[in-house]
1. Going 7 Å from the Cα of F249 in the Cα-to-Cβ direction, what parts of region 103-129 have a backbone nitrogen less than 17 Å from that spot?
2. Using 1/(1 + (r/R0)^6) with R0 = 30 angstrom and r between the beta carbons of M106 and T214, what's the FRET efficiency to the nearest 0.05?
3. If the viscosity is 0.692 mPa s and the temperature 37 °C, what Stokes-Einstein diffusion coefficient in µm²/s follows for region 137-222 when Rh is the Kirkwood radius over Cα pairs?
4. So, R0 is 35 Å and r is the distance between the beta-carbons of R3 and V223; what FRET efficiency does that work out to, to 0.05?
5. Measuring from label point to label point, each 7 Å out along Cα→Cβ, what is the R126 to Q167 span in nm?
6. With only Lys, Arg, Asp and Glu charged, each at its Cβ (+1 for the first two, -1 for the last two), find how big the charge dipole of region 12-124 is about the Cα centre; round to the nearest 20 debye.
7. If exposed trypsin sites (Lys or Arg not before Pro) are those in a DSSP loop with at most 16 other Cβ within 10 Å, what is the longest stretch of the chain that has none?
8. Under unit Cβ charges (Lys, Arg +1; Asp, Glu -1), what dipole magnitude, rounded to 20 debye, does region 99-253 have relative to its Cα centre?
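The values are calculated or read from the model by the stated rules, or taken from the named source; none is laboratory data. Model, not experiment: these values are computed from the prediction. Note: ideal-geometry Cβ built from the backbone for every residue, glycine included; neighbour counts use all protein chains shown. Side chains are part of the model used for accessible areas, which takes the heavy atoms of the whole protein and leaves out ligands, DNA and RNA. Shrake-Rupley method; radii C 1.70, N 1.55, O 1.52, S 1.80 Å.
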Amino acid sequence: DSRIIDGGSATMYQPGKFMKAGSATDSQESGPSSNTTFVLDMTQPTPAWQQTASMANARSFMNLTLLPDGTVLATGGETDKNGGNIANAVYAAEMWSPTTQTWATMASMRTPREYHGTAVLLPDGRVLESGMGADFGNVPNELSAEFYSPPYLFKGARPNITQAPAQIQYGANFFVATPDAASITNVSLIRTGAVTHFFDQNERFLPLAFTQTTGGLTVTAPVNGNLAPPGYYMLFIVNSSGIPSIAPFVQIP
């Protein structure tokens, strides 16, 4: 892009579709953070960054985490670019909808998570928040962790995966056993986390085609390694109420 488009963290919320928000910076810099949000659709003939609704809070040193219902969680950071100014820490989480491309303010953390803070999705659908510090004494070292439980965990009983393959092959069909097949509206793979310095390099959300069958679902794997690089993924099924299963790990060799 010929313009400078700021972004402190980023995620691929659909194949070829990206969102980034907040301010990119290094610790001990100065100036206010940004709350702006931009999306990029690389499936279009002429892709270009488009600005969408901003976050409620300006953030640097934030983390973006994909959730199994397709939404994105923003956590941590601070309203200035220092990296260790606890007085300017952002405690409230925010949730981004890829459908409306808007943010909603969620529950607040108990601990500031600024420079070197991390966030990663767990197989049970919660988000693990941890760390902060180790920056030449500028930031207090936080050795604690806390968990965020998204609203979908309070909507009712979860669908259950009783059997899934340990490995799947590109373009092939595979069977997922579940007693809840009739209520399932979404099946997806989410790459296991590899997050540092506010950015998860592995993060990608891959919706999968599926059909109901006796005892479960017949699911079609991604067609190639451009969409799904080899490695480990969490396999989620989500029902019509937006409630995800606990995910088994599957490998694409």
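1. Label zone hits: 120-126, 128.
2. Result of the calculation: an efficiency of 0.15.
3. Translational D for this selection: 206 µm²/s.
4. Numbers: r = 34 Å, r/R0 = 0.96.
In this case the efficiency is close to 0.55.
5. Taking the two extended label points, one gets 3.3 nm.
6. For region 12-124, the charge dipole is close to 60 debye.
7. 4-109
8. Numbers: 7 positive and 9 negative charges, 74 e Å.
Dipole of region 99-253, to the nearest 20 debye: 360 debye.
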